[in-house]
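Data first, discussion second: the structure below is written as structure tokens.
Since every read-out is calculated from the coordinates, none of them should be taken as a lab result. The structure displayed is predicted, hence computed values, not measured ones. Glycine also receives a Cβ, built like all others from the backbone with ideal geometry; neighbour counts cover every protein chain displayed.
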Amino acid sequence: MPGKTETDYKTLTDEELILLFQKEDVRAFNELVNRYKDRLVNFIFRYTGNKEESEDLAQDTFLRLYKSKHLYVEIAKFSTWFYTIALNLTRTYMNKKNKMKTTSISNYYDDDEKDYELTSGYILPDDSANAATEGEIIQKAISSLNSKFREVIILRDIQDLDYEEISKITSLPLGTVKSRINRGRECLKEMLESLHKSKTKK
Amino acid sequence: MSDEEKYLEIREKLKSLETIKASSNFTNNLHLKIVEEEALRRKVHIKKYDDEKGGFLRNLFNNKQYPWLIPAVGFTMVIFFIFYVTYVNVDIEQLEKSNNTLELTDESNIANNEPGLKNYELKNLSDLKNSIDNLPKDNLENLKNQNYTDQGNLNGSDLNNEKKTDQSKPDLALVETEKRNVTSADNKVFKSKKSVEENEIVNEPVAKDNDSENDMPLSEYGKSNKPVESGTDKRSESISPDDNVERIMHMKLDKIDKTGLENLRDKLVR
């Protein structure tokens, strides 16, 4: 839109920006990138535990938005739609990564005694000795959570989304979302307690 | 105690986590990715366009937009092939066969007869010859005696002239035989018609003399339509009955001869 300045774009809502972008207004897209890039990178980082991967995945999410802008329908909230894309991409990526990491070299041999096994990237509570700071310990605890608890806890307690929005993003019933969040919190609490105990012992 | 209050401690821990921010070159990298994606899309579009430019059959059978066209086109082609094999091909074979036979007959005719004569002429002449051969011998002798050949329009000289127009140097012997054949055929027709006419003419005066008024058709006023005899009628006035009969016969023969021979001439021309 030629008559608008950058400040004008900042006053627009997400939905207005995506509608402008659907009319090939690239500056609206840039504004959306500026608004969501940190939130998105943070969300994906808490999910994957890797900064580089989270940036790559965040860029892929924006790229998907760029290519599939016409798929957005005004009835939905932009953040919900955008987080759904990000979550789906991250899930797919993590599934691929997990499949690759659980492949054992010793599977190729018939020996019962395995020499070594490729471990998954998840950090178990016993590895807490390596954790330096509190933040790192919590991140490792989140990463070791089951993915179905992890995603709802990140969306609720880190991204601060409401239950309904989480329900839409994950395509789960509201009750299921609530119960998963509670169960995830419980697991996380137990995990953190055990980590602290092991740390104090050392 | 609600769930939020129950897990307040863990919630605060999670909220206190440092927010990870995107790197400074995040936007640049994103733009680079977008440019690459655009280039790739353009490349794919160009490739697709090039594929569309391929041959007609290639497009037809690689048609991803209308895959249902493939069986339809195949079925149509099979139907056309069957039609070609059953009808068109057979016709060509028959034509070839008939052409071969025609060529053979042409060659044999040319070999046996005269190379200058056309095929249809030879055919007509041979038909005439056959018809004459089938005639009774008495009729032929009568024809020769009466010598009607000079009276017809299509006599030997006429036939000869016609042939001369068609070819530069006809075989004289063959022309002579055909001339004879044609005249005798003409005579056959002539003779048969002549005999009929003679009978009619000979019997007519006798019959009409007996009951001439009754035989003529009546007009609507009840009068007879019989022509009134006047001085203009030479047949009944100045000639004796024997001469009259002969003259009438000649007149009628001229008439018959003309039409009959004209028909024959047409036949020959065909």
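For this structure, a couple of remarks:
- Loop-located chymotrypsin sites (Phe, Trp or Tyr not before Pro) in the range A:18-83, at most 10 other Cβ atoms within 10 Å (DSSP): none
- Here the simple spin-label model places points 7 Å from the Cα toward Cβ, and for residue A:24 and residue A:8 these points are separated by 1.9 nm.
- Per-residue mean of C-beta atoms belonging to partner chains within 10 Å, peptide B:8-17: 6
- The peptide list B:69-76, A:166-173, put in order of mean Cβ contacts within 10 Å with the highest first, becomes A:166-173, B:69-76.
- Of A:23/B:43; A:148/A:197; A:101/B:6; A:168/B:15; A:77/A:101; A:10/A:96, pairs whose Cα-Cα distance is over 32 Å: A:101/B:6; A:77/A:101; A:10/A:96
- Kirkwood-type radius of the range A:139-202, with distances r between different C-alpha atoms, in Å: 12.2
- Here the 3J(HN,Hα) profile of the range B:28-45, calculated from phi with Karplus coefficients 6.51, -1.76 and 1.60 at θ = phi - 60°, is 4, 4, 4, 5, 4, 4, 5, 4, 4, 5, 5, 4, 4, 5, 5, 4, 4, 5 Hz, Gly and Pro shown as x.
- Once the Cβ-Cβ distance of residue B:68 and residue A:99 is raised to the sixth power relative to R0 = 41 Å, the FRET efficiency obtained is 0.60.
- Within the range A:52-82, the GluC sites (Glu not before Pro) that combine a DSSP coil assignment with at most 16 other C-beta atoms in a 10 angstrom radius are A:74.
- Per-residue 3J(HN,Hα) values for the range A:25-36, derived from phi via the Karplus relation 6.51 cos²θ - 1.76 cosθ + 1.60 with θ = phi - 60°, read 8, 6, 5, 5, 5, 4, 5, 5, 4, 4, 6, 10 Hz in sequence order (x marks Gly and Pro).
- Charged neighbours of residue A:146, selected by a Cβ distance under 14 Å, balance to +3 (K, R count +1; D, E count -1).
- For the range A:38-51, the Karplus equation 6.51 cos²θ - 1.76 cosθ + 1.60, evaluated at θ = phi - 60°, returns couplings of 5, 4, 5, 4, 4, 4, 6, 4, 5, 6, 8, x, 10, 5 Hz by residue, with Gly and Pro reported as x.
- Taking the average, over residues, of other Cβ atoms within 10 Å as the packing measure, peptides B:35-44, A:10-19, A:140-149 rank A:140-149, A:10-19, B:35-44 from highest down.
- Relative compactness, the range A:1-83, computed as alpha-carbon Rg over 2.2 N^0.38 Å: 1.12
- Cα→Cβ-extended label distance, 7 Å offset, between residue B:36 and residue A:92, nm: 1.6
- 10 Å Cβ neighbours from other chains, averaged over peptide A:29-41: 3
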